[in-house]
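The values are calculated or read from the model by the stated rules, or taken from the named source; none is laboratory data. Remember, it's a predicted structure, so these values are computed and weren't measured experimentally. As a convention, Cβ positions derive from the backbone with ideal geometry for all residues, glycine included, and neighbour counts pool all protein chains shown.
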Ligand code: SF4
């Protein structure tokens, strides 16, 4: 039976060469390994020709590490896919803010290409410099601000991921991240409360944050999430934006925000003017 869903995920990379102190990926999946372009090409071709898919999301454990002798880095891969599949939309699911040059070149490309969706997930995990050092994440708050503002200047909106309650997280570090999120105001942000994984450095760090404190911080983030999400939706009021229509999921913006109203499923990805009303988006 033909799958009516018109969006699919394409695996482009696995493993990771970073050493974030809380993560088990490297231990279980090993260092970064990229799918050969020939395999990605065959997979994309099959999704389009056999299943009629119009939008493909490129996914990896740490996609920014993608590298292949035929097409080069992640930017080269996107350029090649756009050229080889001229009627298909692509989306880069997740971009770590590790490599400034690659991050900016990718945003340049996404910002300038109609068929690359102008949204992505940026896992930052914290915006406190001291907490980031303990996590062994190679970025600072100043660099994050620069990169995220750069993305926005190019028209790319982002969702963020953070880890509340990393060992030793002080009230000051928590507020540093909280205030940064409020200032940078992403589309939305996801919280994954810290949970010690056996065998990781983070599990052995002193000053593990108590469950009560983590719950309290998660509650504060919940209020901020609503405020930020409403704020973003309001910025879309009266704008013409790209909307994805799927039989299973209804209509949603490329940022995954539901839009009410009548839509033609035939169009799948089209621009519509939307209005913001009482916390919701509706078709004009
Ligand atoms: S970048 Fe992601 S996958 Fe890689 S070590 Fe850090 S948390 Fe793990």
### Scan of the range 140-156 for residues that are in a loop (DSSP other than H, G, I, E, B) and under 14 Å from the mean Cα position of the chain (by Cα), ordered by number
156
### Query
Can you tell me which residues in the range 86-107 are away from the ligand (no atom under 16 Å from the Cβ) and either more than 24 Å from residue 8 (Cα to Cα) or in a loop (DSSP other than H, G, I, E, B) (or both)?
86, 87, 88, 101, 104, 105
#### Entry: Restricting the range 114-139 to residues that are more than 18 Å from the chain's Cα centre (by Cα) and more than 16 Å from the ligand (Cβ to nearest atom), the residue that is farthest from residue 55 (Cα to Cα)
130
### Query
Scanning for something part of a loop (DSSP other than H, G, I, E, B) and surrounded by 12 or more Cβ atoms within 10 Å (Cβ to Cβ), does the range 220-227 turn up at least one residue?
no
### Message
Is it the case, given these coordinates, that residue 14 is away from the ligand (no atom under 16 Å from the Cβ), under 24 Å from residue 104 (Cα atoms) and in contact with a strand residue (DSSP E or B) (Cβ under 7 Å, 6 or more places away or on another chain)?
### Response
no
### Unique residue being at pLDDT 95 or above, on the phi > 0 side of the Ramachandran plot and away from the ligand (no atom under 16 Å from the Cβ) when the list is 52, 72
72
### Query
Between a first residue in the range 6-28 that is over 25 Å from residue 71 (Cα atoms) and at pLDDT below 95 and a second residue that is near the ligand (Cβ under 7 Å from one of its atoms) and in a loop (DSSP other than H, G, I, E, B), which pairs have beta carbons less than 7 Å apart while being 6 or more apart in sequence or on different chains?
25/16; 25/61
### Task
Would you point out the residue of the range 234-255, among those that are part of a loop (DSSP other than H, G, I, E, B) and surrounded by 13 or more Cβ atoms within 10 Å (Cβ to Cβ), that is nearest to the chain's Cα centre (by Cα)?
255
### Query
Of the residues 137, 231, which is at pLDDT 95 or above, in a helix (DSSP H, G or I) and not assigned by TED's automatic domain parsing to the domain that holds residue 25?
231
### Message
Yes or no: the range 55-63 includes at least one residue that is assigned to a helix (DSSP H, G or I), buried (at least 17 other Cβ atoms within 10 Å of the Cβ) and either in contact (Cβ under 8 Å) with a residue 60 or more places away in the chain or within 16 Å of the ligand (Cβ to nearest atom) (or both).
### Response
yes
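Yes or no, residue by residue, for (1) within 30 Å of residue 206 (Cα to Cα); (2) surrounded by fewer than 15 Cβ atoms within 10 Å (Cβ to Cβ); (3) within 16 Å of the ligand (Cβ to nearest atom):
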{"position": "9", "(1), (2), (3)": "no, yes, no"}
{"position": "25", "(1), (2), (3)": "yes, no, yes"}
{"position": "68", "(1), (2), (3)": "no, no, no"}
{"position": "77", "(1), (2), (3)": "no, no, no"}
{"position": "82", "(1), (2), (3)": "no, no, no"}
#### Entry: Flag if residue 164 is touching a strand residue (DSSP E or B) at 6+ places or on another chain (Cβ under 7 Å) and either within 30 Å of residue 212 (Cβ to Cβ) or free of Cβ contacts under 8 Å to residues at least 12 places away in the same chain (or both)
yes
